[in-house]
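These notes are about the structure you will find just below.
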Amino acid sequence: QVQLVESGGGLVQPGGSLRLSCVASGIIFRLYTMGWYRQAPGKQRELVATITSGGNTNYADSVKGRFTISRDNAKNTVYLQMNSLKPEDTAVYSCNAGYVSLSYWGQGTQVTVSS
């Protein structure tokens with residue numbers, strides 16, 4: 001059974017930082033492209049960042065220079081370091097694992113940026 005479990009969300013003030021984690025089980029983690037997506041209320045889900053099995057990264061323009069995605073294959077974990085957070089970063093952040101035609105999602109973790 002495949003599971004993706006996110007953690008690390010919460011309430012943070014503008015300009016603050018959070019680190020999200022997503023632990024995967026039931027997959028050969030090192031083969032998968034891992035991604036973070038977010039969905040704000042009333043909006044469509046959008047890509048935040050991805051990291052391939054080879055370590056290549058891709059970011060949405062809105063988070064470039066502020067967010068960093070990384071992975072630890074030994075721990076089956078992907079991270080999203082979020083710095084200089086803005087109120088518009090408020091959303092449910094979900095982890096995705098993709099390999100060929102396979103795609104799995106976690107349940108998400110809420111990030112709220114507010115003073």
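The values are calculated or read from the model by the stated rules, or taken from the named source; none is laboratory data. Nothing here was measured: the structure is a model prediction, and the numbers come from that model. Neighbour counts run over all protein chains shown; Cβ positions are idealised from the backbone, glycine included. For the accessible areas, the whole protein counts, side chains as well, though only heavy atoms, and no ligand, DNA or RNA atoms are used. Shrake-Rupley method; radii C 1.70, N 1.55, O 1.52, S 1.80 Å.
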### Filtered residue count, segment 63-72, keeping only those that are more than 14 Å from the chain's Cα centre (by Cα) and surrounded by 15 or more Cβ atoms within 10 Å (Cβ to Cβ)
0
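Give me the residue from segment 5-41 that is under 18 Å from V100 (Cα atoms) and hydrophobic (A, V, I, L, M, F, W, C) and, out of that set, nearest to the chain's Cα centre (by Cα). Please lay out each step first, then the result.
As a first pass, look at segment 5-41 and keep what is under 18 Å from V100 (Cα atoms): 24-36.
So of that shortlist, the ones also hydrophobic (A, V, I, L, M, F, W, C) come out as 24, 27-29, 31, 34, 36.
Numbers: A24: 12, I27: 17, I28: 18, F29: 15, L31: 17, M34: 8, W36: 3 Å.
By that ranking, first place goes to W36.
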### Task
Pairs only if they're at least six apart or on different chains, beta carbon under 7 angstrom, first in segment 66-89 and touching a residue at least 40 places away in the same chain (Cβ under 8 Å) and under 15 Å from G54 (Cα atoms), second assigned to a strand (DSSP E or B) and open to solvent by 60 Å² or more (accessible area, probe 1.4 Å); list them, first residue then second.
N76/V23; T77/V23
### Query
Among the listed residues L4, L11, which satisfies the condition of being in contact with a Gly (Cβ under 7 Å, 6 or more places away or on another chain), on the phi < 0 side of the Ramachandran plot and of a type outside the set (V, I, T)?
L4
### Query
Just a yes or no: is a residue in segment 80-88 assigned to a loop (DSSP other than H, G, I, E, B), surrounded by fewer than 14 Cβ atoms within 10 Å (Cβ to Cβ), of a type in the set (A, V, I, L, M) and out of contact with any Phe, Trp or Tyr (no Cβ under 8 Å at 6 or more places or on another chain)?
no
### Query
Of all residues in segment 102-115 being touching a residue at least 40 places away in the same chain (Cβ under 8 Å) and among the small types (G, A, S), which is most open to solvent (accessible area, probe 1.4 Å)?
S115
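State the number of residues belonging to segment 1-55 that are of a type in the set (A, V, I, L, M, F, W, C), closer than 15 Å to Y79 by Cβ and in contact with a Leu (Cβ under 8 Å, 6 or more places away or on another chain). Give the steps one after another, and end with the answer.
From segment 1-55, those of a type in the set (A, V, I, L, M, F, W, C) are 2, 4-5, 11-12, 18, 20, 22-24, 27-29, 31, 34, 36, 40, 47-49, 51; that's our starting set.
Now drop any that are not closer than 15 Å to Y79 by Cβ, which leaves 4-5, 18, 20, 22-24, 29, 34, 36, 48-49, 51.
Still in the list and also in contact with a Leu (Cβ under 8 Å, 6 or more places away or on another chain): 18, 20, 22-24, 36, 48-49.
Total meeting the criteria: 8.
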### Task
Please work out which one of (1) closer than 15 Å to G10 by Cα; (2) touching a strand residue (DSSP E or B) at 6+ places or on another chain (Cβ under 7 Å) is the condition S115 fails and give its number.
(2)
### Message
Filter segment 89-111 down to the residues that are assigned to a loop (DSSP other than H, G, I, E, B), touching an Asp or Glu at 6+ places or on another chain (Cβ under 7 Å) and under 25 Å from G15 (Cβ atoms) and list them by number.
### Response
G108
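Confirm whether Y99 is modelled with pLDDT of 95 or more, open to solvent by 30 Å² or more (accessible area, probe 1.4 Å) and of a type in the set (F, W, Y). Working first, answer last.
Details: modelled with pLDDT of 95 or more: yes; open to solvent by 30 Å² or more (accessible area, probe 1.4 Å): yes; of a type in the set (F, W, Y): yes.
Criteria met by Y99.
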